[in-house]
1. Counting just the residues of segment A:88-117 that are over 16 Å from residue A:145 (Cα atoms) and surrounded by fewer than 20 Cβ atoms within 10 Å (Cβ to Cβ), which one comes out farthest from DNA strand B (Cβ to nearest atom)?
2. Evaluate segment A:118-130: report whether one residue or more is farther than 21 Å from residue A:45 by Cα and more than 16 Å from DNA strand B (Cβ to nearest atom).
3. Can you tell me which of (1) farther than 19 Å from residue A:110 by Cβ; (2) in contact (Cβ under 8 Å) with a residue 60 or more places away in the chain is the one residue A:7 doesn't meet?
4. Looking at this structure, is residue A:62 closer than 23 Å to residue A:125 by Cα, under 18 Å from the mean Cα position of the chain (by Cα) and more than 16 Å from DNA strand C (Cβ to nearest atom)?
5. How about segment A:113-146: which of its residues are more than 16 Å from DNA strand C (Cβ to nearest atom) and touching a residue at least 24 places away in the same chain (Cβ under 8 Å)?
6. Quick one: count up the residues across segment A:1-19 that are touching a helix residue (DSSP H, G or I) at 6+ places or on another chain (Cβ under 8 Å) and either at positive phi or surrounded by fewer than 17 Cβ atoms within 10 Å (Cβ to Cβ) (or both).
DNA sequence: GCCAACGTTGGC
DNA sequence: GCCAACGTTGGC
């Protein structure tokens, strides 16, 4: 199982929105590095749901990958904000997985708090601020959960 | 809302 | 294939 961090601007799409929807399509990603990460996701992988451009930026809770990435339909539709004429249905350029709501942390984990933790200084979040879909190590993932006050079920992360 | 950092585009 | 110009992201 792999771990990820998914960024979203809460004004556009928040963890509350995902909770309401239950399952969402992580579409609209138009960056190759982020795209490659989306394609590397497997069903059952876990994600930290991060609210960017909020004050302060923070991890709000957890989500789960429930369907591996498939061609992003919003790239084919000229009416869509994220329409990309260079993505051909026969040779799609952009992909999106389905993501389901898991939980809100009892307490949000802010970016400044993360930056204070020495063992988290290698996180992509800290070193590549602009990447919107990024890998997280198991130990980083566990630490963030702990900082968020989340009680892990018996058996740990795999039983979430 | 500003702007630094970074990614992408396209002329040459 | 270089790099200037431009666009976007996201912290502050």
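1. Within segment A:88-117, the first condition is being over 16 Å from residue A:145 (Cα atoms), and the residues that meet it are A:88-100.
After this cut, where a residue has to be surrounded by fewer than 20 Cβ atoms within 10 Å (Cβ to Cβ) as well, the list is A:88-93, A:98, A:100.
Values: A:88: 14, A:89: 18, A:90: 19, A:91: 15, A:92: 15, A:93: 10, A:98: 23, A:100: 28 Å.
Residue satisfying both the conditions and the ranking: A:100.
2. yes
3. Single failed check for residue A:7: (1).
4. Details: closer than 23 Å to residue A:125 by Cα: yes; under 18 Å from the mean Cα position of the chain (by Cα): yes; more than 16 Å from DNA strand C (Cβ to nearest atom): yes.
Criteria met by residue A:62.
5. Matches in segment A:113-146: A:119, A:137, A:138, A:141, A:143, A:145.
6. 1
No lab work stands behind these numbers, since they all come straight from the coordinates. Note that this is a predicted model, so its numbers are computed, not measured. Heads up, the Cβs are rebuilt from the backbone with ideal geometry, glycines too, and the neighbour counts pull from every protein chain shown.
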